[in-house]
Amino acid sequence: MTHRSADTPTQPNPATSPDGKDQGPGCANRLNPGDRHIQIKRWVQSNGFVTIEQLARQFGVTPQTIRRDINTLSKTGDIQRFHGGAGMASSTENVAYKERKILCFQEKRWIARRVAEQIPDHASLFINIGTTTEAIAQALVHHKRLRIITNNLNVASTLSSNENFEVIVAGGLVRHRDGGLIGEATIDFIQQFKVDYGIIGISGIDLDGTLLDFDYREVRAARAIIDNSRKVFLAADHTKFGRNAMVRLGSISEIHTLFTDQPPPPPLVEIIAAAKVRLIVSESG
């Protein structure tokens, strides 16, 4: 079942660039191929996965032209070609934490509110590393009597502000760039518990339903959360669809509910439906 808000999502304006600056009427049609390639790369970087139809509307050209552009850019390694669109190419390095904190900031807040609505008072939770899970922690602050186990120091700091919560921090190596806890001690600690809900973020979801991330040690901790949760909630904004990363966490079929801000690409929607994963789309607050 897909839940949507009543508000209509904002559509890209063909007269604006990805940074929101007005290009003037018909400017997109006047872009030469080189300039269009630059803009396509920016759109992919901002959105994670963009369909051929979206790009064709944005630049006022035919889908065939966009396919040629994507083929050219994929050969140079700037983006990765997928069925029906294009996504980011890098599979080895994530965006810096400070940039991820502001990337899709509002969309993450929308997702966080939807996740919080599905968590009852008096529940037990795992919450893992990520900027989206940190937004979820903010949305959970006013719940009652939660017991939270986390390997994210930022999540622990946020939730410890509620004196009715019991917040348990996993041991392990502190990752300085984002306050994440990783390593064998983290995994061993998580495996001591069985909780009601495991709330996880992810760096990428392949269009075949594979869940992907960049750090092997972070993936092992997330894997332990999945294995020791009665229900698993995955929170991922639209930039994660079709995004490439090197380390495999598992399959979308292992998730009970996917929370996102835009409908996934059609190939992924089919896989989600076949796996009977609940899909909650929050297109606005």
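The values are calculated or read from the model by the stated rules, or taken from the named source; none is laboratory data. Predicted model only: the values in this text are computed from it and were never measured. For neighbour counting, all protein chains shown are included, and Cβ atoms are generated from backbone atoms with ideal geometry for every residue, glycine included.
For ARG145, the stated conditions hold: it is surrounded by fewer than 16 Cβ atoms within 10 Å (Cβ to Cβ), modelled with pLDDT of 90 or more and in contact with an Asp or Glu (Cβ under 7 Å, 6 or more places away or on another chain). Only one entry of VAL155, VAL174 meets the criterion of being farther than 17 Å from LYS231 by Cα, among the β-branched types (Val, Ile, Thr) and at pLDDT below 95, and that entry is VAL174. For GLY130, the test of being surrounded by 24 or more Cβ atoms within 10 Å (Cβ to Cβ) and not aromatic (Phe, Trp, Tyr) is passed. Highlighted here are the helices (runs of 4 or more DSSP H) found entirely within segment 142-251 that include at least 2 residues which are among the small types (Gly, Ala, Ser) and over 24 Å from VAL269 (Cα atoms): 153-159, 216-227.
Of the helices (runs of 4 or more DSSP H) lying entirely inside segment 1-116, those containing at least 3 residues that are at pLDDT 80 or above and within 22 Å of the chain's Cα centre (by Cα) span 33-47, 52-59.
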